[in-house]
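Contents: one structure, followed by commentary.
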């Protein structure tokens with residue numbers, strides 16, 4: 001039998017040994033929590049798990065694990081700060097979850113191993129750093145978790161779960177929305193839904209032309225650590241997700257990896273300026289019509305004159321997260337939605353900032369009349385058919401002019 005030892009290190013730390021048998025008993029009794037909310041779930045595959053067991057069988061040392069003492073009712077239990085994958089592998093193997101892949105016992109389940117080998121595994125010492133006391137707050141533990149993972153291949157979504165503040169919690173809640181499970185082909189493996197939500201919130205929070213690189217998203221998390229479900233941007237994203245889920249109903253998967261970013265952010269922006277309450281069916285039908293036409297267009301041979309350049313670009317940018325591609329897709333969907341005859345919320349019938357930005361890109365940053373350079377800030381949106389004469393406030397009746405050309409047109413009218 002292994003001999004347990006305990007060394008008090010001070011500052012709320014002590015080093016102990018637990019046998020594999022006792023650690024697995026604690027897991028089964030829920031006295032050892034493998035997946036606190038900052039953890040990443042099961043990531044190791046069969047070969048990695050089997051390699052670990054092979055190390056145990058051969059008596060090789062494993063890196064120490066980190067546990068934190070937490071209170072549950074009247075009892076103290078442990079949560080795993082680092083070592084979850086190793087503990088999952090050991091626990092699963094002892095329950096005949098997989099076979100060894102190499103060595104003398106290749107192809108063997110735990111229950112089929114010779115008794116001395118099973119006992120060797122059960123008695124194997126796990127070296128545990130136990131963290132207790134006020135010093136080891138949630139924020140400190142999350143920071144420690146990230147530091148311990150620096151050398152392992154966690155993906156960005158997994159690392160973001162350990163960032164301080166409420167942003168990771170809000171992201172996790174929104175990621176449970178039915179739109180992702182019912183209407184997207186995004187995989188939930190390794191927090192794919194949370195990754196999509198994080199990028200959507202980042203785009204909504206970030207003015208201008210934001211990049212969705214991990215470093216930029218991380219800054220958004222840290223700059224908005226105190227958000228709640230009622231924060232304006234969070235509520236706007238939730239409202240857009242609800243709207244799209246109702247629009248698509250039970251029609252199956254629609255969104256690919258990046259298209260959901262463009263469509264959701266388009267709906268968020270439109271809801272600031274338009275009433276969409278009576279357009280659920282029209283928007284759902286439009287989205288499916290676009291997808292049907294895009295797939296048909298993709299089926300045409302390269303060089304076929306029937307191939308549509310806009311649909312070509314929609315397919316070309318579908319799996320890109322470059323800023324210009326995100327903008328192009330968002331503006332494409334926005335223009336399509338506006339053509340459904342959305343009712344402006346503003347009774348003055350002014351063009352929105354979103355439409356102004358679309359016009360700048362459609363006109364390639366040039367005045368429609370004199371072709372001088374303009375921006376969304378310096379350009380002036382003009383009704384081609386004047387509003388006073390029944391002209392509608394829609395993109396088809398809009399042009400962006402420089403101040404000189406707009407004044408000249410106004411003087412003639």
Any chance residue 356 is outside any helix (DSSP H, G or I), outside the structural domain of residue 267 (by TED's automatic domain parsing) and modelled with pLDDT under 90:
no
What helices (runs of 4 or more DSSP H) completely inside the range 1-120 contain at least 1 residues that are modelled with pLDDT of 90 or more, closer than 22 Å to residue 145 by Cα and in contact with a strand residue (DSSP E or B) (Cβ under 6 Å, 6 or more places away or on another chain)?
20-28
Please state which of the following conditions residue 220 fails to meet, knowing it meets all the rest: (1) loosely packed, with under 15 Cβ neighbours inside 10 Å; (2) more than 19 Å from residue 318 (Cα to Cα).
(1)
If I ask for residues that are at pLDDT 90 or above and either closer than 21 Å to residue 326 by Cα or touching a strand residue (DSSP E or B) at 6+ places or on another chain (Cβ under 8 Å) (or both), which ones from the range 272-283 would you list?
283
Picking from 304, 289, which residue would you name as being under 24 Å from residue 396 (Cα atoms), surrounded by fewer than 17 Cβ atoms within 10 Å (Cβ to Cβ), without any contact (Cβ under 8 Å) to a residue 12 or more places away in the chain and not assigned by TED's automatic domain parsing to the domain that holds residue 398?
289
Which numbered condition in (1) assigned by TED's automatic domain parsing to the domain that holds residue 276; (2) surrounded by fewer than 13 Cβ atoms within 10 Å (Cβ to Cβ); (3) under 20 Å from residue 283 (Cα atoms) is the only one that residue 314 fails?
(2)
Assuming residue 341 fulfils every condition listed in (1) assigned to a loop (DSSP other than H, G, I, E, B); (2) within 25 Å of the chain's Cα centre (by Cα); (3) under 17 Å from residue 270 (Cβ atoms) apart from one, which condition is it?
(2)
Sort out which residues of the range 379-388 are in contact with a helix residue (DSSP H, G or I) (Cβ under 7 Å, 6 or more places away or on another chain) and either farther than 16 Å from residue 352 by Cβ or part of a loop (DSSP other than H, G, I, E, B) (or both), and write them in order of number.
379, 384, 385
Of everything in the range 87-133 that's more than 18 Å from residue 28 (Cα to Cα), within 40 Å of the chain's Cα centre (by Cα) and free of Cβ contacts under 8 Å to residues at least 24 places away in the same chain, which residue is surrounded by the fewest Cβ atoms within 10 Å (Cβ to Cβ)?
107
Residues of the range 332-371 being within 17 Å of residue 405 (Cα to Cα) and in contact with a strand residue (DSSP E or B) (Cβ under 7 Å, 6 or more places away or on another chain), which ones?
356, 359, 360, 363, 365, 366, 367, 368, 369
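The values are calculated or read from the model by the stated rules, or taken from the named source; none is laboratory data. As the structure is a computational prediction, the values presented were derived from the model and not from experiment. No Cβ is skipped: glycine too gets one built from the backbone with ideal geometry, and neighbour counts run over all protein chains shown.
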